[in-house]
Amino acid sequence: MRYAVFAMVAPRLTSVPQAPPDAPRSWVDAVPAGVQPHLRLMRLDRPIGTWLLFLPCVFGLALGTLAQHRRYGSPHDLCLLTLFAIGAVVMRGAGCTYNDIVDADIDARVARTQSRPIPSGAVSKRAAWVFLALQCAVGLLILLQLNRLATVLGVSSLALIAAYPFMKRITWWPQAWLGLTFNWGALLGFAAIAGTIALPALLLYAGCFFWTLGYDTIYAHQDKDDDALIGVKSTARLFGDHSRPWIAAFYGLCLVFELAAVIAMQPRNVWNIALFVPAAAHLAWQVNSLDTGAPSVCLKLFRANRDTGLLIAAALLATSWI
């Protein structure tokens, strides 16, 4: 009887839902079947979100070294970089897990998200809550390795994270809340290096905020039809066919605030603005290439923001070396 029961439930234990349509094949497809749903719950098959969470941390770390009037790259800097990289993976996973728990009913009604682990039944809500607690515990261990200010800032971000999934239900600007949440690492990175929060850090945070407003509006255009049917709000629906000038404005403000952060830190080295030309060109390319009626183009441009972030990070790191 015991083996008969196992035979009956085995298909459920070993079956894995197909990867979401916006997730290319990755190393997640090669791991044991029973583990795959949890890795997909963390979005490890779609690393772009981890990059977009991690890169503002790098911005903050780089700007923090300017506050100390030194070059970036000490052993302590590299240790912090490693901690933030691990933290970005874990906390992005925790955020996605929490978001999927809250949005399970909505995800089940959207074509692009209905194959995610919770709406597909691959992971139960109870198991997801336990998994979320484990990820948060790891995140807390990482935070405790930082200075007191950074630790307090990290814990305070939980309020933003907790509220985010509900924003799409009550405001046309959920992308703004994501901007506040996803870029907290800019402040965290600066505080971890400098031990304080200064005006340049706030300017950097503002720049990252507008960057997210731009790229997440592009991302939201993939779901705008389904969102309209089920009543989910977004800036993509709010702006509609007028999204291009809005996104261009957001990207322009991103650059203005990023440059203001550097100039506020190094007012005598205004020529450092030239270091941001590649990032500006990349953002301009995104705006010029945008086709809000083509989900594949929107996804491509959204993912391209990893390269934008790397260009901004390179510019900020270079300011501490030149």
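Does T82 satisfy being among the polar types (S, T, N, Q) and modelled with pLDDT of 90 or more?
yes
Identify the single condition in (1) surrounded by fewer than 20 Cβ atoms within 10 Å (Cβ to Cβ); (2) polar (S, T, N, Q); (3) under 26 Å from V58 (Cβ atoms) that T171 does not satisfy, given that it satisfies every other one.
For T171, the failing item is (3).
Going through region 78-111 one residue at a time, which ones are charged (D, E, K, R) and surrounded by fewer than 16 Cβ atoms within 10 Å (Cβ to Cβ)?
D105, R109
Would you confirm whether any residue within region 28-50 is hydroxyl-bearing (S, T, Y) and either modelled with pLDDT under 90 or more than 19 Å from the chain's Cα centre (by Cα) (or both)?
no
Can you give me the ranges of the helices (runs of 4 or more DSSP H) entirely in region 110-198 with at least 3 residues that are of a type outside the set (V, I, T) and out of contact with any Pro (no Cβ under 7 Å at 6 or more places or on another chain)?
Details: elements: 117-120, 125-143, 148-170, 174-182, 184-194.
Counting at least 3 such residues, we get 125-143, 148-170, 174-182, 184-194.
Against the condition in contact (Cβ under 8 Å) with a residue 24 or more places away in the chain and under 27 Å from Q114 (Cβ atoms), how does Q222 come out, does it pass?
yes
Quick one: would you say T235 is within 24 Å of L66 (Cβ to Cβ), in contact with a helix residue (DSSP H, G or I) (Cβ under 8 Å, 6 or more places away or on another chain), hydroxyl-bearing (S, T, Y) and at pLDDT 95 or above?
Details: within 24 Å of L66 (Cβ to Cβ): no; in contact with a helix residue (DSSP H, G or I) (Cβ under 8 Å, 6 or more places away or on another chain): yes; hydroxyl-bearing (S, T, Y): yes; at pLDDT 95 or above: yes.
When the stated conditions are applied, T235 does not pass them.
Within the bounds of region 60-81, is there any residue that is in a loop (DSSP other than H, G, I, E, B) and within 19 Å of P37 (Cα to Cα)?
no
So which of V110, V123, V102, V138 ends up being aliphatic (A, V, I, L, M) and under 30 Å from A198 (Cα atoms)?
V138
For region 202-219, how many residues are without any contact (Cβ under 8 Å) to a residue 60 or more places away in the chain and out of contact with any Gly (no Cβ under 9 Å at 6 or more places or on another chain)?
4
The values are calculated or read from the model by the stated rules, or taken from the named source; none is laboratory data. What you see is a predicted model; the values in this text were computed from it and never measured. Glycine gets a Cβ as well: all are built from the backbone with ideal geometry, and neighbour counts include every protein chain shown.
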